[in-house]
Structures are given as structure tokens and as C-alpha cells.
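Q: So that we are looking at the same thing, I have put the structure below in C-alpha cells.
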Amino acid sequence: MVAPARLPPPLLGLQASWSRLIEAPDDDGTPRTWHVLDAGAAEPDVTLLCVHGNPTWSYLWRGLLARAGQADARFRVIAVDQLEMGFSERTGRSRRLADRIDDLGRLTDALALSGPVVTVAHDWGGPISLGWAQRHRALLAGVVLCNTAVHQPAGAPAPAVIRAARLPGVLPLVTERTRAFIAGTTALSGRRMGAETAAAFAAPYASARRRAGIRAFVADIPLRTSHPSAACLDEVAARLSDFADVPALLLWGPGDPVFSDLYLRDLRARLPHADVHRYEGARHLVTEDAPQALDDLLAWIRARVPLARDQRVAGAEGPGTDGIDRGQRGLPTGRRLWHELERRAAESPEGAAIVSMRTDGRASQVTWAELLALVDGLAGGLAAEGIRPGDRVSVLIPPSPALVAAIYACWRIGAAAIVTDAGLGVRGMRRAIRGAHPDHVIAVPAGLALARTLRIPGRRIRAGDLPRIARASSGPLPDQPPADTEAVIAFTSGATGPAKGVVYRHWQVERTRDVIARHYQVTEADALIAAFAPWAVLGPALGIASAIPAMDVTRPRTLRASALARAAAAVGGTLLWSSPAALANVIRTQGELDDAGRAALARVRIAMFAGAPVPSGALARAASIFPAASIRTPYGMTEALPLTDVTSQEIADAGRGNGVLVGAPIAGVEVGICSLDAQGDPTGERTAQPMASGEILVRCDHLRDGYDALWATTHRASADGWHRTGDVGHIDAKGRLWLEGRLAHVITTEDGPCTPVGIEQRAMELDWVEAAAAVGVGPPGCQQVVVVVTGVSGRGPLVDVPRTLSLRAHVEAAGLPAPAAVLRRDDLPVDIRHNAKVDRTALARWADRILAGVAR
């Protein structure tokens, strides 16, 4: 079919003023007319050249065009409709990849495009844009790719959708004669696409004659090396190394059944310097499923791309993934993570290093000498197995000496350990491992089964084989890795969304060790009871013995007082790290302690409970179980820990406040508060006013490196060297921090924002309330406070009037907003890891439905 280019009809989100028809010559000199969308500054600081794939068109980039005029820097966005596609001319030709690269070059010549240019591409627009970029290096300032590919990874079949479409007789049917291919593409959206938006995507392809380009595009995908476009695609892939000095960004929908994470892994290997952001829940049309990706793209350009003014805009990042100049955060300590392990193995070879208790009362133990031999043997053995410095290893082993040895062996050879504890749940673990892109896996059988479903490419090592691998190792140990080597990817709890991978380098883990040792005055006479099992990993780095109590790590509430006492007795425990949920059950079961158990717990000198606010009553009862201990509730997070510290006595002396006292910053930590506006959003301005609530900011040397494959999250969480915690609180007149909740859980009332924890603490002072959560119900800006409690018997979700009035009066007497309603539940939705972080967002939805009368 031959048909002229034309302007699109009125469509949702598309401004008529953006559309232009541009004439450019074909390869034989014949004039061809393109439809392009063009918006933004006439003299831009940077131009975004946006290239769609198949079967979309420039409509895909409408959000960028809408944002271009609103951005801080002056952008121009040019989004093209490729020939035979969208509303551009139908020439009657079937165009190959090389043709399309040539076509785009002639169009930009016709546009007299000048630099700097950032190419932005999706799907098969990726190779076309990259081919153009390789020919226009003088103009190129950056490369952005969204769910695309330049190479079919070895051993992996082409996407099933493409293979099915290429079957004999199927290709013309699904791509040209019917709208099946178009409908299938819009159906690949990770969220339900509106009918009007789906119709707009299909608008240029109303007839079979206008869909010939879709068929040709699919036919041009080189599934074999003999395909006419294979050589051109291979050249594009091979020359990606030319972009080593060009800023690159990969925006990805990991749920894409066409361009899966397999292709993201390939692109990351070819562009190892690229910034990456994966949008959980997004699929093929990532910018449709996650519209914030467009804001993130513009933020990335402002931060990373040299602009025409030959400078970066205000707020641009310096070195490092989070904008923090590593030179400003201190140098490596020089004392490596395995230093204390080597020292203790030399000085106390037969002393217990790690004891792992079992529910049947037995224990597995390794001495310092045995642990060092296992770590050193594994370091050599894993290297012999093909694990190299810079590789990532998913370690799927329950808390045990084997887990600790595997992690230290990875560290010793310069491989990073991906630690996904069972506290994330199976679904959370799958998502976390897939996103971290491990190169190898070391796992128990259940973990290996999980790894097979995730197509982890390298070695799959059974945890039971680790002793054999260590014994078979021979030869010298590998060289020590540099202190800036990636050490671990740990994960947040996922209490307020998908768990985020938090990257630490060796020197950052070393600083964390040093902060803990200094603040808690740790000596080799101490021993750690790791009731939050991941903390057992730090024991050897601190040079102290560790005991892991018998418990279900996915259910901290299963920790019993007798099990805790046995763990303490096994190593002479003096330091305890636990969660509030575990403490609650220890208190509940303390009656089962015998004299020996009470004596073991009486040797604890510091008992730390963290992960969520701890009720003051629980702290008071903990003092009777640990009579010699300083009971503490340090504040911190996966991104940095500890940050502040406070004793139970200090909490008692402070009395009531809006929130929970978490104490003064420890040495080397700065804490600030970013004020909130009337809508509960951070203003970006730090406030020095005591008692003013806002987002908590922290700055310290032991802060994380960044979030893994979450460039935009890292960028947003970083402000002039400060880490935005996502928590809210205030600093009192004595410089102590009070925690008031999560930023995402701020309630925005007509009187302004209010925070939940203070209300919850007051509610839990009533003897009939076991647990409480405060949430906002109603539209933002005029929400009503609703308190949900547990421990109240009755019929239906509404608490009786006398108790409701009692709770309202008690909260109001503390100077806090009185709840409009009080509801009851049997339990509160909490995270798996801590069993303590309440999902107030889910609870708010439930309360809204209850009060609307649509749920019971």
C-alpha cells in the first residue's frame, strides 16, 4: 500500500500543536513525509530524540512532550513516526533494520538537528536509535533504552510471542489482516489500560493496508544468523562498547513477557556503566505502566547529561550512584571484614565462633579455627568453580554457620553476596533475587529449586557441598579485593512496597562494624545472641561469638523465652539483638524459664530491640527478664544502622510525646528534619525548629551505597549528602529524635498533616487495647483519623461507644487529633520479617470500606 502521511485526529493526551509533517529523502532521493511530534524550547539545552517500536507510534512519548515545557532545564522533545508506521507515509516498502537507521539519519538531517541529543527508545526502536547514535557521536549526549534488546542471549529462545507470530501463516494473520498484534501489545500493560488510550495506540492502524509495516517489522526480527538484518543488529550490539563515556539509562518493566530481565542483563553487560531503574509491576509498555518513569528520565538528564550550557543544572549529582562524593564520606578503614576472624582463629582456635540452635534442642557449632578454614577453603574453591571478583552470588541458606561461611568466602574473593532472607516471603524472595541479577547461586535444595525457576545463569552450588569444596581447595588465596568492591545486596522489609535491594561496598560494611563496636564498646569478651538472624553475619567481623536461637525466621513471634535462654547459655551471650514481635513472645513465655535460663539471660549487658516502635510497657517487662541489661531501642534501617540510640530509662524519663523517643544521634551521625507542606509532602527545606515534624534526614559514613537497579529511588532519597529516610519525626529541645511514623502514612486533615505513631502510643496506654494503628480515611487534605485496635472482643468491626469515647478523650488529652472512629480487628497486617511494621496503607483501605458500608 502507498499512502501519504497525515496528521492524527484528536486523541487523548495529544496536543494538535505538537504534530508536524516533515519531508526527508528516501535512499533513492524520493521525498518521503514523516509525521513527528515536536515540543519544547526553540533553543533547547538538550533534545530528546524519541523512537518507538512495533506496533506503537510517537503517541508513546506524549507524556514526555507534555513535560518538556515544564522541566527546569529547557528541553525539546522530537518523537518520530517511522516510515510505514504511525501517521507517517506508507511507501509500500518493507524496511530492514539498516534501512530504518538510514531513514532516521536522513530525517534528523532534514530537521537540522543539533546537539546535545539524548536518544530515547522502546522495543525495536532501541537498535534503530543506537544505530543512529553510533553514526552521530558528535551530537550524542546520552542514551535511554526501555524494554528492548540488541542480542539474543545464548541458550535462550526468542520470546514466545515473537516465535508464535513468525509461524507460517500466522504472521500476516496476527499483524496485518487483524488487529491482534496491536491488541496484544496494549494488553501487555501491567495495569489496565483505558479504552480511550488503547484506541489511540491503534488509531494509525485502522485498516489492514495501514498495518503492513507492523508485519514487516516482525518479519525483520533476526531469529537466525542468516537473517538479512542479523549482521546489522550484531554490529549495533558490538559497538555498544563505544558508548563507555556516554551517560546511559535503562528503564525497565520486569514483567515484560517479550523483553524480560534476560535482555536487561545482556544490556547491562554491554553498558556496565549504565544507570538502571526497574519498575516492579510494569510490563512491556513501561512508560504506560509506570508514568513516573518519564519524570525519572528528565531527572536523570538533569543529573547526568552535560547540557548545551556546558554545565549541569542545579542539584546535579557528583560521583557515586546517590550523588554523594565518596571522598567526602571517609576512606576505607584498612581493617578488612575477615581481620577479626583471622585474629580469633589464631588466638582462640577452639573457641566457639557460631552456634546455631535447633528446635529439637540440639545445636551445630563451629570454632574460630574451623570457621576460618571453611571460609579460606571456600574462597579458593568458589574461585575454582568459576566465581570471579565482581560476580553476584545469591546465597539461599537458612541462618547457620554455612550461611556465614558462604558470605565471608564471597567477600574474600571479591564477589557480592545477595542476601534474601525468608522474612521476605517466597514471592518477595523471587522478586528480590530476579531484580538483583545474580551470576551464581549457593543454596539449600529448596533454594536451588527456586533458582531454577529464575534462570540464574552461572554455577548452582548445593549448600551441602560447601565442606567438600572447601576441603578440595588448594593453592594460595585470591588477592584481597579493593575496599570499594561491592560486598552485599541486602533487602528492605517490603513493609511499604516491594523490598528494595540496598547495596553496600566493603568499606561501608567495615564502617558499620566499627560504629557498632565503638558505640556498644564491644570486646572479645562479648557474645551476640542474634534473635534477628542476619545479625549473626556481623559476629565474625566484630570478633565475637554468635548464637542463633531456635525459631521460625519468617515468624519472629515464635521465639520463646526458653529458646532465647538456651542460645544465650551456648555462647555466654552479653549482647542481644531482637525485634519487638520476638520480645512480645519472650515476655509471654517467660514463665517457662528455669533457674539456668534466667541466669543465662541475666548475663546480657545490652538488649536491643529494633525494627518498629516498642511499647513502653514491653520495655518495662523486658527489664525483669534481662535484669543486668541496658534495654535499648536503636533507630536505623537497612540503609544505615545504628543511627540513634536510647535506653528504656531515658524513654521513661522523657514521658509522653508525639511519637516514640529513639534517642540522640550516635557519634558520627547527623540527623535533620525536612519540613512538610499542608499536603504532607516534603518541602525540600531543612528546619532547625525544635519539635517541628517532618521527614527524617540522616548523614553518616556508614550509609548504604545506593539502591540496586533503582536509580530514581536512590536519586530521590539523596539530598546534598543527606539520606531521606521516608520516616517522619521531630527533634526535641535536647537534640533527641522522636519517630512519628512513615511519610507514606501521614494523615492529611483539614487542620494540616498529622502523624500516626503518637496517636497509636496513646491508644495502647489503655488496658483494653493490645495493638493500635492510626490511619487516614477520605480524600487527601480532608482526611479523618481512624484508629484500628486489636484485643477488643465484640461483634462487628465497630468498637462500642463507651470505649470509643474513652480512646478519643485519651488521645485528645495528649494534644493529638481525636479519631473520628475506632474499629476493631483480630490482628493488624504486618511485614513478614519483623512481624511488627504495620501496613497502614492496606489498613486504611480496609477502614474506608468498613465505614462506607461495603465490607464487614
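Q: What number comes out for accessible area per residue over the chain if the probe is 1.4 Å? Units Å², please.
A: Heavy-atom accessible area per residue stands at 39 Å².
Q: I'd like the distance separating the alpha-carbon centroids of the stretch 778-856 and the stretch 334-370, in whole Å.
A: Taking the Cα centre of the stretch 334-370 as reference, the centre of the stretch 778-856 is 47 Å away.
Q: Give the calculated FRET efficiency between ALA820 and GLN15 to the nearest 0.05, with a Förster radius of 56 Å applied to their Cβ-Cβ distance.
A: 0.85
Q: Does the stretch 23-70 come out rounded, prolate or oblate by the C-alpha gyration tensor, with a ≥ b ≥ c the root eigenvalues, rounded set by a/c under 1.5 and, if not, prolate when a/b is larger than b/c and oblate if not?
A: oblate
Q: Also: With a/c under 1.5 counting as rounded, go ahead and sort the chain into rounded, prolate or oblate using the C-alpha gyration tensor (a ≥ b ≥ c being the square roots of the eigenvalues; past the cut-off, prolate if a/b is larger than b/c, else oblate).
A: Here the chain falls in the prolate category.
Q: If I compute solvent accessible area with a 1.4 Å probe over the protein chains, what percent of it on the stretch 634-744 is carbon and sulfur?
A: 48
Q: Something else now. Need the full-extension length gain, GLU650 to THR453, defined as separation in residues times 0.36 nm minus the C-alpha distance. One decimal, nm.
A: 65.9 nm
Q: If one computes the Cα centroid of the stretch 175-243 and of the stretch 691-718, what distance in Å separates the two points?
A: Here the answer is 39 Å between Cα centres.
Q: So, one more: Run the quick spin-label model on ALA231 and ARG388: label points 7 Å from Cα toward the beta carbon, then report their separation in nm to one decimal.
A: The answer from the label model is 3.0 nm.
Q: Same structure, new question: How far apart, in nanometres, would the label points at SER94 and ASP720 be if each is projected 7 angstrom from Cα along the Cα-to-Cβ direction?
A: 6.1
Q: Out of the DSSP beta bridges found with both residues in the stretch 746-856, what percent are antiparallel (nearest 5)?
A: Among the beta bridges of the stretch 746-856, antiparallel pairing accounts for roughly 75 percent.
Q: Moving to a separate point now. Under 18 Å from the 7 Å Cα→Cβ point of SER474, by amide nitrogen: which residues of the stretch 380-401?
A: From the stretch 380-401, the list is 380-386.
Q: Arranged from highest to lowest average of other beta-carbon atoms within 10 Å per residue, in what order do the peptides 505-515, 762-772, 618-628 appear?
A: The densest-packed peptide leads the list: 505-515, 762-772, 618-628.
Q: Report the gain in length on full extension from ALA446 to THR359: 0.36 nm times residue separation, minus Cα-Cα distance, nm rounded to one decimal.
A: On the way: separation 87, 0.36 × 87 = 31.32 nm, distance 1.96 nm.
That works out to 29.4 nm of additional length.
Q: Between ASP681 and GLU524, what FRET efficiency comes out of the Förster formula 1/(1 + (r/R0)^6) with R0 = 56 Å and r the beta carbon distance, rounded to 0.05?
A: It comes out at approximately 0.70.
Q: So what is the relative contact order of the chain, in percent, for Cα pairs below 8 Å that sit 6 or more residues apart?
A: 8
Q: For the peptides 660-670, 262-272, what is the packing order when you average, over each peptide's residues, the other Cβ atoms within 10 Å and list the highest mean first? Please list the in-between numbers first.
A: Working: 660-670: 20.2, 262-272: 18.2.
Most protected by this proxy first, the peptides run 660-670, 262-272.
Q: While we're here: Can you tally the net charge around ALA212? Count Lys and Arg as +1, Asp and Glu as -1, for every other residue whose Cβ sits under 9 Å from the Cβ of ALA212.
A: Counting the neighbours of ALA212, the net charge comes to +3.
Q: Note down the nm distance, to one decimal, between modelled labels 7 Å out along Cα→Cβ at ALA41 and at ARG6.
A: For ALA41 paired with ARG6, the spin-label model returns 3.7 nm.
Q: Mind checking the full-extension length gain between LEU167 and ALA346? Use 0.36 nm per residue of separation minus the Cα-Cα distance, one decimal, nm.
A: Values: separation 179, 0.36 × 179 = 64.44 nm, distance 6.68 nm.
Taking LEU167 through ALA346 to full extension adds about 57.8 nm, to one decimal.
Q: Can you tell me how the stretch 634-744 classifies by the Cα gyration tensor, rounded, prolate or oblate, using a/c under 1.5 as the rounded cut?
A: Since a/c reaches 1.5 but b/c is at least a/b, the shape of the stretch 634-744 is classed as oblate.
Q: When DSSP assigns beta bridges and you keep just the ones with both residues in the stretch 533-651, what percent turn out antiparallel, to the nearest 5?
A: DSSP beta bridges in the stretch 533-651 are roughly 30 percent antiparallel.
The values are calculated or read from the model by the stated rules, or taken from the named source; none is laboratory data. Everything numeric here is computed off the predicted structure, so don't read it as measured data. Note that we place each Cβ from the backbone using ideal geometry, even for glycine, and neighbour counts take in every protein chain shown. In case anyone asks, the SASA skips ligands and DNA or RNA and just uses the protein heavy atoms, side chains included. Shrake-Rupley method; radii C 1.70, N 1.55, O 1.52, S 1.80 Å.
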